[in-house]
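Enquirer: To start, I am sharing the structure in question, which I have written as structure tokens.
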Amino acid sequence: MYRVLFLLFFFLSSCYTVERNCIPFHTGTFEFQQIINGELNTSLFVRDSLYEIEMYQGKIDTATLRWVNDCEFILTKLNPTSNQEKRPIQIKILKTQGRSYTFEYSLVGDSKNVQRGTINKIKDE
């Protein structure tokens, strides 16, 4: 009886294994789309081992990267224009699939306001 339950549990849990191959997403060119005020907005950014340079609505913004582990990093803007922008952002890759990943992000220390999104890799470094 216990063997049957164990095998059933094993097969059910193995069907839902989440892929997290984060290393290919450490560098490259990426695209993030989100709806803001009913409009689809696209942000492009280039990431290398130390920096992320974002292009959004004709503006360029640069941030430093500090990888905590293979799937989690901290982004800190180099030239913040407000106190809100001075706070670093914690990003955690939850799932990878092909050339995209699902992530969650929040200001460091603000676990109540976690947001989620999906990013597509459009070019390797």
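Enquirer: Cross-link partners among aspartates and glutamates for Lys59, C-alpha distance below 20 Å, same-chain residues fewer than 8 apart left out?
Expert: Leaving aside aspartates and glutamates fewer than 8 places away in the same chain, those within reach of Lys59 are Glu31, Glu39, Asp48, Glu85.
Enquirer: Classify segment 43-88: rounded, prolate or oblate, from the alpha-carbon gyration tensor (a ≥ b ≥ c, eigenvalue square roots; a/c under 1.5 rounded; otherwise prolate if a/b is larger than b/c)?
Expert: Because a/c hits 1.5 or more and a/b fails to exceed b/c, segment 43-88 counts as oblate.
Enquirer: Which value in deg cm²/dmol, rounded to the nearest 500, describes the helix-derived mean residue ellipticity at 222 nm for the chain, given -39,500 (n - 2.57) per DSSP H run of n ≥ 4 and division by the residue count?
Expert: Helices in the chain give a 222 nm mean residue ellipticity of -3500 deg cm²/dmol.
Enquirer: Could you give the distance between the Cα centres of segment 41-77 and segment 85-111, to the whole Å?
Expert: So the separation of the two Cα centres works out to 11 Å.
Enquirer: What relative contact order, as a whole-number percentage, does the chain give when Cα pairs under 8 Å and 6 or more residues apart are counted? Don't jump to the answer; show the numbers that get you there.
Expert: Details: 225 pairs, mean separation 27.3, N = 125.
Normalised by residue count, the contact order of the chain is 22 percent.
Enquirer: If you don't mind, there's one more thing I want to ask. Could you look at the chain and say what percent of its accessible area is carbon and sulfur, using a 1.4 Å probe and all protein chains? Spell out each step's value before the answer.
Expert: Numbers: 4930 of 8970 Å².
After summing per-atom areas, the C and S share lands at 55 percent.
Enquirer: Could you calculate the FRET efficiency of Met55 with Val114 from 1/(1 + (r/R0)^6), where r is the beta carbon distance between them and R0 is 30 Å, rounded to 0.05?
Expert: It comes out at approximately 0.75.
Enquirer: Further question on the same structure: Taking the Cα centre of segment 46-125 as the origin, how large is its charge dipole in debye, to the nearest 20, when only Lys and Arg (+1) and Asp and Glu (-1) carry charge on their Cβ atoms?
Expert: I would put it at about 200 debye.
Enquirer: Can I ask one more? Taking Cα atoms, how many degrees apart are the long axis of helix 2-14 and the longest axis of the chain, rounded to 10 and kept between 0 and 90?
Expert: 30
The values are calculated or read from the model by the stated rules, or taken from the named source; none is laboratory data. Keep in mind the model is a prediction, meaning the values are calculated, not measured. For neighbour counting, all protein chains shown are included, and Cβ atoms are generated from backbone atoms with ideal geometry for every residue, glycine included. Accessible surface is based on the protein model in full, side chains and every heavy atom, while ligands, DNA and RNA are left aside. Shrake-Rupley method; radii C 1.70, N 1.55, O 1.52, S 1.80 Å.
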